[in-house]
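The values are calculated or read from the model by the stated rules, or taken from the named source; none is laboratory data. Computed from a predicted model, the values in this text were never measured in an experiment. All Cβ positions, glycine included, derive from the backbone under ideal geometry; neighbour counts span all protein chains shown.
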Amino acid sequence: MVSSLAAIVLAAGRGSRSGAGSPKQFRLLGGQPVLAHSIEAMRRHDRIDRVVLVVPPGGIDEARTLLGADAKGLTIVEGGETRRLSVRNALEALAAGDSTPSHVLVHDSARPGLPSSVINRLIAALEAGAAGTMPVLPVADTLITDQDGLSGDTVDRAPLRRVQTPQAFDFPAILTAHRDWSAPDEPTDDAQMLRALGHDIALVEGDPRLDKITYPGDHERMERQLGAAMSVRVGLGFDVHRLVAGEDLWLGGVQIPHSHGLFGHSDADVAIHALVDALLGALAEGDIGSHFPPSDPQWRGARSAQFLAFAVERVRARGGRIDHADLTIICEAPKIGPHRDAMRARLAELMGLPEDRVSVKATTTERLGLTGRGEGIAAQAVATISLPERK
C-alpha cells in the first residue's frame, strides 16, 4: 500500500547536448522555467505529499530566485557529480526528515510534459506489489546497426521499449540500492540499480508527452507541443474607488505621493483589483469580492498584492500560465506617466512575468464623470492566460 509518496525532481544536470549554452532545465518554456512544469505536475497530484528538487552544486539560491513564490514549500538539495549521486542526495534528505515516505517517484525535469495519468499508473503498479515500476513506450521505428556509416542488420524491435520517467519505487528498497551500489559503471537510471538487487521492475504505459529535451531543436518542439495542448482564455476586470483626504494612494502595487488616497476596505489599489478580476474572469472563478468579501474584517487594510498573489496561484494550480496583462488607469490626477515603469516592474514581479508582458497605460475622461471631477480613480484590465485542455 502506498501510504505516503514523495517526488524527486532532478534538475542538476548541465544539459550540454541541448546546445542552449545554459542548463536546459532553467530555460523558459511556456513562460516558466522547464523544471517548474514538473514541480507543478507533482504538486497538483493529490497522492504526492512532498517534492524534493535537486539542483547543481551551489545552485540553491539561483533556483529559489528563478522559481520565486513557487519555491515555497519545496525541499531543495544540491546534486552530485553524477545522476546517481544526485538521486542519492535527495533520498538521504528524505530519509533524514521527520517522516520517511513509503514510496518515491524519481523524475527528470527535462521531461516537462508529465500527465497525471502516468503517475496514476505508476501508483497502481506499486499498490499491486511492485518494488519498482517505470513508464515505457514501444519502439515504432525500424532499428538497424551502423557498420562504419553503412547499414547493418535490422534489429528486432518487438521486445524493445523506450524508458521514460518518473520511475516509482518502494522507498527502503531504492535507498538500499543506492547505498549499496558498488559497480564500476554508472547506471543510466534507478530501475537498473534496483533490478541489480534482484527486484523485478513492472512496466506501465508511458506517454509521448514525456519526451525528453536533449538535443538542439527539442526545446522549440516542446514549446510548440505545449502551446497545442493549451487553450487561450481572456478575462476583463474593472474597478473604481473614490478619492478621500488622509489616505495613502496605492496604484499598481506602488505608493504614489498625492493629496488624496483611495478609500476601500483594503488598501483600495484599484489597478490591482481590476487585474485580479481579469485573472479570475479568465479562469471563470468568480471575482475579487467572492474570494475576499469586504464584510470580512481580516481584509481590512490588507495589501492588494495578497489578492494578486492568490489569483496568480489559482492560474498555476490549474496548470496554466499568464501570457500578458494590459492595465488602463482612468483619472485626472495624479499623473501616471512618472510612475508607469515602477508599476510595470512591481506587477511583473508579483505575477512572475517579464516586464515586456505587462502593460500599464493611463487616460482621462475629458473631465466627465466622477473620474473627470477628481472624485475617484477607475481601472480596467485585460488578462490573457493559457490553460491545459481538459481531457
Hey, residue 204 hits all of (1) surrounded by fewer than 16 Cβ atoms within 10 Å (Cβ to Cβ); (2) touching a helix residue (DSSP H, G or I) at 6+ places or on another chain (Cβ under 9 Å) but one; which does it fall short on? (1)
Looking only at segment 44-66, which residues are basic (Lys, Arg) and surrounded by 17 or more Cβ atoms within 10 Å (Cβ to Cβ)? 50
Scanning segment 192-226 for residues that are polar (S, T, N, Q) and in contact (Cβ under 8 Å) with a residue 12 or more places away in the chain gives 214, 225
Just to confirm my filter: which helices (runs of 4 or more DSSP H) fall fully inside segment 216-309 and include at least 2 residues that are crowded, with 17+ Cβ neighbours inside 10 Å? 218-228, 270-283
How many residues are without any contact (Cβ under 8 Å) to a residue 40 or more places away in the chain and closer than 14 Å to residue 7 by Cα when one looks only at segment 158-191? 0
Could you go through segment 148-162 and let me know if any residue there is crowded, with 21+ Cβ neighbours inside 10 Å and in the same structural domain as residue 37 (by TED's automatic domain parsing). no
Within segment 1-41, work out how many residues are under 14 Å from residue 113 (Cα atoms) and modelled with pLDDT of 95 or more. 1
So which residues in segment 56-77 are in contact with a strand residue (DSSP E or B) (Cβ under 6 Å, 6 or more places away or on another chain) and either among the polar types (S, T, N, Q) or under 23 Å from residue 88 (Cα atoms) (or both)? 57, 60, 63, 74, 75, 76, 77
Find all pairs meeting these conditions: Cβ atoms under 8 angstrom apart; at least six residues apart or on different chains; first residue within segment 259-281 and touching a residue at least 40 places away in the same chain (Cβ under 8 Å); second residue among the polar types (S, T, N, Q). 266/304; 272/304; 273/304; 274/380
Only residues that are under 26 Å from residue 195 (Cβ atoms), charged (D, E, K, R) and over 27 Å from the mean Cα position of the chain (by Cα): list them for segment 100-153, please. 127, 141
What are the residue pairs meeting all of these: first residue in segment 341-365, first residue within 23 Å of residue 316 (Cβ to Cβ) and outside the structural domain of residue 68 (by TED's automatic domain parsing), second residue among the basic types (Lys, Arg) and not in a loop (DSSP other than H, G, I, E, B), Cβ atoms under 8 Å, and 6 or more apart or on different chains? 348/357; 355/344; 358/344; 359/344; 360/340; 360/344
Answer with yes or no whether residue 210 is buried (at least 18 other Cβ atoms within 10 Å of the Cβ), farther than 30 Å from residue 361 by Cα and under 29 Å from the mean Cα position of the chain (by Cα). yes
Top-ranked residue of segment 341-365 - restricted to ones that are among the charged types (D, E, K, R) and in a helix (DSSP H, G or I), ranked as surrounded by the fewest Cβ atoms within 10 Å (Cβ to Cβ): 356
State yes or no: is residue 41 in a helix (DSSP H, G or I), in contact (Cβ under 8 Å) with a residue 12 or more places away in the chain, loosely packed, with under 15 Cβ neighbours inside 10 Å and under 13 Å from the mean Cα position of the chain (by Cα)? no
Among residues of segment 67-117 being in a strand (DSSP E or B) and in contact with a Ser or Thr (Cβ under 9 Å, 6 or more places away or on another chain), the residue surrounded by the fewest Cβ atoms within 10 Å (Cβ to Cβ) is 78
If you go through segment 6-24 one residue at a time, do you hit one that is assigned to a helix (DSSP H, G or I) and under 26 Å from residue 320 (Cα atoms)? yes
Which listed residue, of 287, 207, is touching a Pro at 6+ places or on another chain (Cβ under 6 Å) and among the charged types (D, E, K, R): 207
